[in-house]
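Here's the structure, in C-alpha cells; my notes come after.
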Amino acid sequence: MLEQEVYEIKEEDEIKKLGLITKNIIKWVINNLKFIFIPAYKLNALVEKEEKHERTVSKRKFIRRFKSFLTILGIILVFAVVTMAVFPHWLAPYTEADASGVFPGTWANPSPEHPLGTTSFGRDVLTRLIFGARTSLIVALPAIGLSVILGVIIGIIAAFYGGWLDTVIMRLMDILLAFPGLILALVFISVFTDLFKTDVRIEYIMLAWGILGVPFYSRLIRGSVLQAKELPYIQAARVAGAGNFRIMFKHILPNVIQPIIISVTFDIGGIILSLAGLSFLGFSDPQLIDWGNEISRTRERLYDAPWASLFPGFFILLSVLGFMLLGDGLRDALDPRLRDL
C-alpha cells in the first residue's frame, strides 16, 4: 500500500513537471512572436550565445591546426633536439670528456659499445652528436634574439617616422641584403678574430649571424608598421596624448609581431644549417663539438667509415626539418588569411 502511494506521488510530480515545461514553451513562443515571424529579428540572449559559441569554435580551429601530421612531426623533432641540448649528460652513453678524449678503436664499426661507431681517436659518434645539439642551439637562439631585437627596433623607428630617416635606414639594410649571407658571415668572423687577436670563437659566430638577420626582420616589421600606423586606434591613441614611444611599442608592436614569431621558427633551422656550413669550411670554435665540424673532419673517410659523416648530416637534416615543419604549422595557425582554407 505504501509503495503504491509513493508511485502515485512520483507520477503526479512528473505530470506537474511536464505541465510546467509545456507552459514555459508556450510562454516563450508568445513573448517571442517577433523572433518567429519577423525576418532578421534578433534576440539579445541568442546573439550573446552565438558570439560565445563562435569564439569557442575559433579556438578549437586554432588548436586543430596543430593536429596535422607534419606539424606534429615537426614538434616531435624539435622536442628531441631540445631534449638532447638540455640533457646531454643524461642521454649520452659517455661523458663530454670522453667525447673529446683519445681511445683505441679509431674509425670502428657500429657495435653494442658504440651504437653509431667511432670517429678519430676512438671517440663515440653518438655521444658527439648529442653534445653537438647544444652547440647548434647555443648559436641559433642568441643569434635569432639579437636579430629580432635590433631588427624590430630599427624597422619600427624607420616606418613610424618615415621621411629621410626611413630612406637612409632601408638603403643600409638593402646593402647588407645584397651580399651573400655565408660570405658576409666569413668576413665578420675574420674581422672579429683579427680585431681581438684570438681564434674563432662561438661568440663571433653568434654575433655575425645576429647582424646578418637584422635587415630581414627590419624590412619585415616595417611593412606591417606602415599599415598599422594609419589605423583608427593609433589615431585615437595619439589624440589621447600617448607619446611616440608608447604608440610604437605599446600599441603597434603587439599587433604586428605575428609574422616575426613565424619567421623566427623558420630561421632557427636556417641558422643551424648555416652553422654547419661554416664549420664545414673550418670556421668553428675548436673547443666545441659541432655537427658541421664532424662532417668536415670525416669527409676524407667516406668510403671506409661512412657512419662518421652520415649520422651528423642526418641529425642536421632532422633538426632543420623539424623547425621548418613547426614554422609551417605556426603560419597556418596564426595567419588569418589561412584560417578559412
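The values are calculated or read from the model by the stated rules, or taken from the named source; none is laboratory data. Not measured: the values here are computed from a predicted model. Cβ atoms come from the backbone with ideal geometry, glycine included; neighbour counts cover every protein chain shown.
Taking the listed residues GLY122, GLY132, the one that is surrounded by fewer than 17 Cβ atoms within 10 Å (Cβ to Cβ), of a type outside the set (D, E, K, R) and in contact with a Phe, Trp or Tyr (Cβ under 6 Å, 6 or more places away or on another chain) is GLY122, with no other qualifying.
Each residue in segment 294-309 was checked for being touching a residue at least 24 places away in the same chain (Cβ under 8 Å) and part of a helix (DSSP H, G or I), and 6 of them qualify. The residue that is farthest from GLN258 (Cα to Cα), among those in segment 297-327 that are of a type in the set (Lys, Arg) and surrounded by 15 or more Cβ atoms within 10 Å (Cβ to Cβ), is ARG301. When you look at ALA108, is it small (Gly, Ala, Ser) and either part of a helix (DSSP H, G or I) or out of contact with any helix residue (DSSP H, G or I) (no Cβ under 9 Å at 6 or more places or on another chain) (or both), yes or no? The answer is no for ALA108.
Count of segment 137-160 residues, restricted to those that are surrounded by fewer than 16 Cβ atoms within 10 Å (Cβ to Cβ) and without any contact (Cβ under 8 Å) to a residue 24 or more places away in the chain, is 1. For segment 240-256, residues that are small (Gly, Ala, Ser) and in contact with a helix residue (DSSP H, G or I) (Cβ under 8 Å, 6 or more places away or on another chain) total 1. Among the numbered conditions (1) surrounded by 21 or more Cβ atoms within 10 Å (Cβ to Cβ); (2) within 23 Å of LEU126 (Cα to Cα); (3) not hydroxyl-bearing (Ser, Thr, Tyr), the only one that LEU330 does not meet is (2). The single condition among (1) crowded, with 16+ Cβ neighbours inside 10 Å; (2) closer than 21 Å to LEU281 by Cα that MET173 does not meet is (2).
If you go through segment 216-256 and keep only what is without any contact (Cβ under 8 Å) to a residue 60 or more places away in the chain and either part of a loop (DSSP other than H, G, I, E, B) or of a type in the set (Val, Ile, Thr) (or both), you end up with GLU230, LEU231, ILE234, VAL239, ALA240, GLY241, ALA242, GLY243, VAL256.
Please enumerate the residues belonging to segment 261-289 that are out of contact with any Asp or Glu (no Cβ under 9 Å at 6 or more places or on another chain), of a type in the set (Val, Ile, Thr) and buried (at least 18 other Cβ atoms within 10 Å of the Cβ). Those that are out of contact with any Asp or Glu (no Cβ under 9 Å at 6 or more places or on another chain), of a type in the set (Val, Ile, Thr) and buried (at least 18 other Cβ atoms within 10 Å of the Cβ): VAL264, ILE268, ILE271, ILE272.
Looking only at residues in segment 194-215 that are outside any helix (DSSP H, G or I) and not charged (D, E, K, R), the one that is farthest from ILE154 (Cα to Cα) is THR198. Does at least one position in segment 78-100 carry a residue that is in contact with a Lys or Arg (Cβ under 9 Å, 6 or more places away or on another chain), surrounded by fewer than 14 Cβ atoms within 10 Å (Cβ to Cβ), at pLDDT below 90 and not in a helix (DSSP H, G or I)? No: segment 78-100 contains no residue that is in contact with a Lys or Arg (Cβ under 9 Å, 6 or more places away or on another chain), surrounded by fewer than 14 Cβ atoms within 10 Å (Cβ to Cβ), at pLDDT below 90 and not in a helix (DSSP H, G or I).
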